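The values are calculated or read from the model by the stated rules, or taken from the named source; none is laboratory data. All values derive from a computational prediction rather than experimental measurement. When we count neighbours, we look across all protein chains shown, and the Cβ atoms used for this are built from the backbone with ideal geometry, even at glycine. The protein model used for the area step is the full one, side chains on, heavy atoms only, and it has no ligands, DNA or RNA in it. Shrake-Rupley method; radii C 1.70, N 1.55, O 1.52, S 1.80 Å.
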Amino acid sequence: MPKLALQIRAQLSGVKELRPSTDDAQLVTTVKCTSCQEEHAKPVSFNVTDEVEVQGGRGVANFVMHCGFCKNQGSAKFDTPTSKVPLWQSYTGPDYARLTTLEFRGLEPVGFQADQMTWRCAGEESGTKFDDIALEDGEWTDYDEKTNNETSIMEVESKWVRA
Ligand SMILES: [Zn+2]
């Protein structure tokens with residue numbers, strides 16, 4: 001079953017190392033059943049510490065659902081991080097880069113709700129910590145008091161690609 005990497009792209013100004021504020025940040029995405037191809041109306045949400053048993057002796061995943069149309073079981077599981085490939089990769093831009101990787105069975109993600117996640121980043125030169133960032137409408141602006149620079153995150157985009 002495919003492993004998919006969630007990639008993001010954003011215009012960072014005065015900041016670097018954008019990533020979710022905590023390792024157990026909630027990932028919010030819309031999902032589609034790969035059996036009947038129906039897209040589920042409500043986005044789903046899960047994190048790496050959620051543990052749900054997958055029916056059929058397939059171990060544990062972070063998210064399991066049964067399709068409301070065809071009853072097919074679908075699951076999602078964060079890829080086990082390694083020293084080279086962390087759970088969440090910090091983003092500094094400007095091109096698309098991997099944020100995290102998941103293994104999907106029976107369902108696939110459609111989009112990613114970046115505005116539903118809490119983020120953090122650091123001042124580009126100062127290292128000033130910005131925590132609890134909300135990307136309302138995909139944008140955030142603040143002010144780095146150490147460097148007297150305006151800071152911003154704009155035009156956040158995302159896509160899923162085969163890992
Ligand atoms: Zn289905």
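Result for the chain in a Gaussian network model with C-alpha springs under 10 Å: among GLY56, GLY123, GLY14, the largest mean-square fluctuation is at GLY56.
Comparing VAL48, VAL85, VAL31 in a Gaussian network model of the chain, where Cα atoms under 10 Å apart are tied by springs, the biggest mean-square fluctuation is seen for VAL85.
Put simply, when 136-145, 111-120 are sorted by average Cβ atoms within 10 angstrom per residue, most first, you get 111-120, 136-145. Heavy-atom accessible area with a 1.4 Å probe sorts TYR96, TYR91, largest first, into TYR96, TYR91. The listed residues GLU103, GLU157 rank as GLU157, GLU103 when sorted by accessible area, largest first, using a 1.4 Å probe. Quote the FRET efficiency, to the nearest 0.05, computed for ASP79 versus GLU139 with a Förster distance R0 of 22 Å and r equal to the Cβ-Cβ distance. The calculated FRET efficiency here is 0.15. In terms of distances greater than 24 angstrom between alpha carbons, the cross-link table entries LYS16/LYS42; LYS3/LYS159; LYS84/LYS146; LYS42/LYS71; LYS42/LYS84 yield LYS16/LYS42; LYS84/LYS146; LYS42/LYS84.
Enclosing the Cα atoms of the chain in their convex hull gives a volume equal to 109 cubic angstrom per residue.
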